[in-house]
């Protein structure tokens, strides 16, 4: 009980001493809305070998992404971010667009694995990105979306395994905006949510802000630095706890 009170007060101090909120979100942030990523299913070679079945599976998941409402934790984080002078920025390995759907500013989101809402030429013949096509994959059984420039198969603008053909145009732009935002902030509070130890692309980023880092993870929550607050909780419970600490403790 005493330890929990100390943790609550420490969270409130971090909140009061920072001018920007960085949200670093892994798969658990979306899985608590009922979603999973599909990045482990395909390499670019497998995708091109089976484009019809690949697109059927992609469309099935895309339907889930579009029809799933973000859980209440998204709104809490958005409300907290609005209280900072520099607002908040989101870095996520999820490509389901849930933060945009929850109302976060798309100009302040850095998706390190890309975004399912955009597609690209599989070659690619250009740096052009197009909205991911929506079609009746259950009835149009032989349909394959193709690049309007060269006729090659379209693919989602997400990083696949062993991917030497990913169009990083959107990624590069988001990364640049993230860097500019961090330079504007004097002191950043980082809330890392559901980024497992194996997710090095996220942890490398969050651990740069170890002086004001809150890690929410039911399994991989440990950190060697004494300043880091580790909450061995699932995403929604951890976010609720942070909100309670900020509202109730001085």
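Throughout, read-outs are computed from the coordinates displayed, never taken from laboratory work. These numbers were taken from a predicted model, which means no experiment stands behind them. A quick note on method: Cβ atoms are made from the backbone with ideal geometry, for glycine too, and the neighbour counts reach across all protein chains shown.
Of note:
- Here the stretch 168-231 and the stretch 94-142 have alpha carbon centers that stand 24 Å from each other.
- Helix 2-17 axis, angle to the chain major axis (alpha carbon atoms, nearest 10°): 70
- Antiparallel %, DSSP beta bridges [both residues in the chain], to 5: 30
- Rounded tilt (10° steps) of 235-248 against the dominant C-alpha axis of the chain: 30
- Secondary structure note: in the stretch 115-238, about 55% of the DSSP beta bridges are antiparallel.
- This ranking places 7, 36 by how few other beta-carbon atoms lie within 10 Å of each, fewest first, which gives 36, 7.
- Cβ-based exposure ranking for 123, 134, in which fewest neighbours within 10 Å come first: 134, 123
- Ranking of 46, 28, 111 by count of other Cβ atoms within 10 Å, fewest first: 46, 28, 111
- The angle between the Cα long axis of helix 169-184 and the main principal axis of the chain comes to about 20°, on a 0 to 90 degree scale.
- Protection proxy ranking, peptides 150-157, 67-74, average beta carbon neighbours within 10 Å, highest first: 150-157, 67-74
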